[in-house]
1. Report whether or not Phe217 is under 22 Å from Ile68 (Cβ atoms) and buried (at least 21 other Cβ atoms within 10 Å of the Cβ).
2. Scan the range 229-251 for residues that are exposed (fewer than 15 other Cβ atoms within 10 Å of the Cβ) and within 19 Å of Asp176 (Cβ to Cβ) and jot them down.
3. What residue, among those in the range 266-295 that are among the β-branched types (Val, Ile, Thr) and either within 13 Å of Ser223 (Cα to Cα) or touching a His at 6+ places or on another chain (Cβ under 8 Å) (or both), is surrounded by the fewest Cβ atoms within 10 Å (Cβ to Cβ)?
4. Tell me, please, whether a residue that is under 20 Å from Ser77 (Cβ atoms), not in a helix (DSSP H, G or I) and not aromatic (Phe, Trp, Tyr) can be found in the range 173-194.
5. Among the candidates Phe92, Phe127, Phe110, Phe97, which residue alone is surrounded by 13 or more Cβ atoms within 10 Å (Cβ to Cβ) and assigned to a loop (DSSP other than H, G, I, E, B)?
6. Starting from residues that are modelled with pLDDT under 95 and over 16 Å from Glu94 (Cα atoms), keep the ones in the range 131-165 and report whichever is surrounded by the fewest Cβ atoms within 10 Å (Cβ to Cβ).
7. Assuming Lys83 fulfils every condition listed in (1) under 31 Å from the mean Cα position of the chain (by Cα); (2) surrounded by 10 or more Cβ atoms within 10 Å (Cβ to Cβ); (3) modelled with pLDDT of 50 or more apart from one, which condition is it?
Amino acid sequence: MASHRRPRAPSPTHDHLTSSYAPTLQPRFPTRAHDHLDADERRANAQPGKLRKHHIGGLNLAPAEWKILVIVVIIASFVRLYKISYPDSVVFDEVHFGNFASKYIKTRYFVDVHPPLAKLLLTLAAFVGGFDGHFDFKEIGKAYDENTPYVIMRLLPAILGVAVVPLTYLTLRGLDCRATTALLGAFLVTFENGLITQSRLILLDSPLIFFTALTAFFWVGFSNEDAQRPFTEEWWTWLALTGLSLGAVVSCKWVGLFTIATVGVCTLRQLWLLLGDLKVTPRLFIKHFMARRYA
């Protein structure tokens with residue numbers, strides 16, 4: 001009876017082991033043959049989906065952020081506009097600034113320590129409300145009569161106070177803060193008691209703070225554009241808007257000079273860094289300097 005034996009397996013050879021069992025080893029670090037591109041060429045040859053897109057002013061807000069920001073603005077509006085007609089009498093420095101508006105409307109000459117922009121804005125609100133300058137705002141506690149549009153005059157600082165809230169959020173996002181951090185900053189400004197009080201009365205502080213916040217926002221946008229694409233149309237726009245808002249700040253109250261000083265120090269830092277950049281030619285540096293000086 002013939003025995004049925006299992007056929008003998010072929011003996012493993014070196015080629016068999018290396019082809020079937022040995023793992024394929026890849027170099028851990030690229031060699032010169034693999035890494036023949038420099039950094040700029042690698043960025044140029046990267047996948048389009050992974051390239052960092054340019055966002056105007058460095059702002060990259062998701063659609064959900066705009067919805068949340070609208071909700072925050074609604075809350076800020078409620079806080080600043082709720083019962084803005086109360087009290088219906090002259091409060092604190094409404095004595096001075098309401099009286100200045102009255103004199104502007106009656107074209108009477110007066111001298112004040114502060115520049116005129118904020119007072120002119122209050123006068124504009126009074127003029128739109130039909131104020132003829134008859135009420136003299138003589139003393140604190142004096143009741144407003146029915147022909148004095150004090151509510152409309154208070155609305156202007158209130159609206160500017162509300163506008164500071166989204167400016168705070170956008171500025172923090174422009175500084176590359178997370179959305180939660182920017183939202184926290186916006187809420188802190190929304191419920192800050194001093195800001196609420198100043199924005200509910202006929203005072204100069206709310207316009208001053210608004211233009212200060214506007215300056216910070218424009219400056220952050222300009223700095224982001226300057227870091228990515230200098231001397232573009234957007235770059236010039238942000239720079240010009242920064243200059244205009246700086247002029248508005250100092251035209252409200254003289255303390256706006258501190259805002260100019262702050263932006264000036266930041267400008268000197270930018271120029272100092274450009275001066276040490278070997279890629280910036282003397283001609284290009286002069287162009288940067290002159291643009292900041294005149295704009």
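1. Details: under 22 Å from Ile68 (Cβ atoms): yes; buried (at least 21 other Cβ atoms within 10 Å of the Cβ): yes.
For Phe217, the condition - under 22 Å from Ile68 (Cβ atoms) and buried (at least 21 other Cβ atoms within 10 Å of the Cβ) - is met.
2. Correct list: Arg229 only.
3. Val280
4. Yes: one or more hits.
5. Values: Phe127 fails: assigned to a loop (DSSP other than H, G, I, E, B); Phe110 fails: surrounded by 13 or more Cβ atoms within 10 Å (Cβ to Cβ); Phe97 fails: assigned to a loop (DSSP other than H, G, I, E, B).
The conditions single out Phe92.
6. Out of the qualifying residues, it is Glu146.
7. (2)
This table checks each residue for (1) on the phi > 0 side of the Ramachandran plot; (2) more than 31 Å from the chain's Cα centre (by Cα); (3) without any contact (Cβ under 8 Å) to a residue 12 or more places away in the chain.
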{"residue": "Leu59", "(1), (2), (3)": "no, no, no"}
{"residue": "Ile71", "(1), (2), (3)": "no, no, yes"}
{"residue": "Glu94", "(1), (2), (3)": "no, no, no"}
{"residue": "Ser102", "(1), (2), (3)": "no, yes, no"}
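The values are calculated or read from the model by the stated rules, or taken from the named source; none is laboratory data. Bear in mind the structure is a predicted one, so any value in this text is a computation, not a measurement. Glycine also receives a Cβ, built like all others from the backbone with ideal geometry; neighbour counts cover every protein chain displayed.
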